[in-house]
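Scroll down for the structure; my scribbles are underneath it.
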Amino acid sequence: MAKKKSGNGSLKKSKSGKRQDASDMTGNKNQWTVMVYMAGDNTLAGESVWALTEIKSVEFSDQVEAIALFDSIPPEVKTQKFVFNQKTQGVLFNGRPALLEDLGKDFNCQIPSAKKLVGGKKAKPEIIESASDYRLLQSFLETSITKHPAEKYLLVLSGHGSGAVGDFLTSDNPKGSLSITDLKKVLTAIKQSMLKRKIDILGMDSCLMSMVEVGYEVRNSVELLVGSEGFEPETGWPYRPILTTLNSNPTMGANQLAETIVDEHTAYYKNFAAAGLSTDQSVCDLTQMSELADAIKTLAELMMDNLSNSAVQDAILLAHWRAQSYQSEQYTDLWDFCELLQGNNCPVPEIANACVEVQKIIQNVVQHSAYYGPSFQHSHGLSIFFPWKDSRSLRQYCRGLSFAKDTKWGSFLKQYVEQTQRKMRGDSRATPEQPLDKSLEEVKITQTETPIVIPVLSDFTNDGKAPPDGPRVPPDGPRVPPDGPRGRLKQGAMKNSPIFFLRVKKTKSAVQ
């Protein structure tokens, strides 16, 4: 996308020669301002442009504006901000319909430098253009809210996502990403310094973001969360039908718009089920997240207290194994897990009762939910981090997210992966601390060693070469960042393999 030319367009301009936005000219509040933040400096660049053209094609009313930021791949293409409203419809630029490159304006934020050069002069300010930098997100929100005030706000974060654990809104040039704690920091600042209230809807046009942990972190800054527990196709949200519906009824409430997003998303991808694509999406009321966190804490404490009971441990393992899962079985649908756990003849009635209470609150939190296709059919709106084994991700999770501490879910996970870890082959000991037979040698596989694994096929096998020959670009993959520089798989050979093994001293034969 080329840089916008200046000077000869026929767009409305102010006396200063600069183009004005609709809300700047009228001084009136919109009913809705839709802010779409596109982290497209990665494999989603083309899909982001497609989304922008879909937004541009919408017939806007005078009560709705869409403001989009797009960070693209080429370094020579600056990060751009676009304003779509009634004033930009059908405009001409040099006698022709305006293109995206005509409507975009360079956007960045400047951070004053604390450094001083020789002679006492201050160093030049730092220029932030990467969408993976939380400071650019905050600047975009501040500018959009100031110049396009509204009664209600929808913020959509569009890019790669990994849920509560891992990278979010990744960029390739330079490498970077946001964290969920970064997002919490930005939204808290916007609420306190500008809106003085919560954002009406936070939409996640990203993979794996409809999680209890995500909702809990932003609960004090957002009313409704719209997102998917599973993978979001690379094509992303169907912005044209969503915004068309909004503009036909601009006074609709936040709940109605959130439900519209889910319904249009599901309808958009129904035809792709024939190609093996599955989708899910939900609306969650974050005003009830604290109540849900309390119920999860009760469940976590009961499971920890009874995890040494082999019958309870087996019931939890079976429910975990059977439950709807995502992200290589690292995330689990919380409602489904509770349903299976209480149905596994759990010998502790209090655990079953706690499961029922969690389910009741989830049903109140999840206002609207839909799925299509077989892969995510047991999705009920909210997933939770539930790994099979200890990892760096688990340790970061326990340190970084307030949910892990406040609900004791992090403590439960650490105890769970420790007590369910498989013992070494040939070793009947209950714990590694007990002495070994003198004829055996204990060998530990360190974190730096990489076990050989057999790759498995992804749920998404489309090679991405299908041409965009219709009104909708065929989806060609999930919106989840590649797992490492070469996309290597991390799936191991066991759910929770031991980190030690035994071999007979001075021989190569394995312990039987």
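The values are calculated or read from the model by the stated rules, or taken from the named source; none is laboratory data. Computed from a predicted model, the values in this text were never measured in an experiment. Because the Cβ atoms are built from the backbone with ideal geometry, glycine has one as well, and the counts that use them run over all protein chains shown.
Rundown of residues vs (1) of a type outside the set (D, E, K, R); (2) within 30 Å of Lys414 (Cα to Cα), yes/no style:
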residue	(1), (2)
Gly230	yes, yes
Trp237	yes, no
Tyr268	yes, no
Ala273	yes, no
Lys297	no, yes
Asn309	yes, yes
Ile316	yes, yes
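Given the criteria within 30 Å of Asp62 (Cβ to Cβ), buried (at least 16 other Cβ atoms within 10 Å of the Cβ), modelled with pLDDT under 85 and assigned by TED's automatic domain parsing to the domain that holds Ile180, does Phe93 qualify?
Numbers: within 30 Å of Asp62 (Cβ to Cβ): yes; buried (at least 16 other Cβ atoms within 10 Å of the Cβ): yes; modelled with pLDDT under 85: yes; assigned by TED's automatic domain parsing to the domain that holds Ile180: yes.
Here the answer is yes, as Phe93 does meet what is asked.
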- Show the residue pairs that are 6+ apart or on different chains and have beta-carbon atoms under 6 Å apart, the first residue being within the range 291-303 and farther than 16 Å from Ser402 by Cα, the second being of a type in the set (Val, Ile, Thr) and modelled with pLDDT of 95 or more. Leu299/Val358; Leu302/Ile351
- Message: Of the conditions (1) part of a helix (DSSP H, G or I); (2) under 19 Å from the mean Cα position of the chain (by Cα), Leu317 satisfies every one except a single condition; which number is it?
- Response: (2)
- When (1) in a loop (DSSP other than H, G, I, E, B); (2) of a type outside the set (Val, Ile, Thr); (3) more than 20 Å from Gln419 (Cβ to Cβ) are applied to Pro347, the one that fails is (3)
- Task: Might you let me know whether the range 321-331 holds any residue that is in a loop (DSSP other than H, G, I, E, B), polar (S, T, N, Q) and more than 28 Å from Val222 (Cα to Cα)?
- Result: yes
- Query: Quick one: is Cys338 in the same structural domain as Ala319 (by TED's automatic domain parsing), among the hydrophobic types (A, V, I, L, M, F, W, C) and free of Cβ contacts under 8 Å to residues at least 40 places away in the same chain?
  - Reply: yes
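Quickly run through the range 242-256 and pick out the residues that are among the β-branched types (Val, Ile, Thr) and free of Cβ contacts under 8 Å to residues at least 60 places away in the same chain. Give the steps one after another, and end with the answer.
Going residue by residue through the range 242-256, those that are among the β-branched types (Val, Ile, Thr) are 242, 244-245, 251.
Of everything in the range 242-256, those that are among the β-branched types (Val, Ile, Thr) and free of Cβ contacts under 8 Å to residues at least 60 places away in the same chain turn out to be Ile242, Thr245.
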- Query: Of all the strands (runs of 3 or more DSSP E) wholly in the range 137-241, which have at least 3 residues that are touching a residue at least 24 places away in the same chain (Cβ under 8 Å), of a type outside the set (S, T, N, Q) and crowded, with 24+ Cβ neighbours inside 10 Å?
  - Reply: 150-158, 199-205, 222-227
- Tell me, which residue of the range 366-380 that is outside any loop (DSSP other than H, G, I, E, B) and more than 18 Å from the chain's Cα centre (by Cα) is farthest from Met211 (Cα to Cα)? Tyr372
- Task: Using the structure shown, decide if Glu259 is of a type in the set (Asp, Glu), over 30 Å from Ile128 (Cβ atoms) and assigned to a helix (DSSP H, G or I).
- Result: yes
- Message: When the residues of the range 61-71 are narrowed to those that are buried (at least 23 other Cβ atoms within 10 Å of the Cβ) and not hydrophobic (A, V, I, L, M, F, W, C), which ends up farthest from Leu100 (Cα to Cα)?
- Response: Glu65
- Number of the exception - Val365 against (1) at positive phi; (2) surrounded by 20 or more Cβ atoms within 10 Å (Cβ to Cβ): (1)
- Message: Restricting to the range 389-427, give me the number of residues that are in a loop (DSSP other than H, G, I, E, B), touching a Gly at 6+ places or on another chain (Cβ under 9 Å) and within 30 Å of Gly276 (Cβ to Cβ).
- Response: 1
- Item | In the range 399-435, the residues that are within 15 Å of Gln313 (Cα to Cα), at pLDDT 95 or above and either in contact with a Pro (Cβ under 7 Å, 6 or more places away or on another chain) or among the aliphatic types (A, V, I, L, M) (or both) | Leu413, Val417
- Across the range 54-78, the tally of residues that are modelled with pLDDT of 95 or more and under 23 Å from the mean Cα position of the chain (by Cα) stands at 8
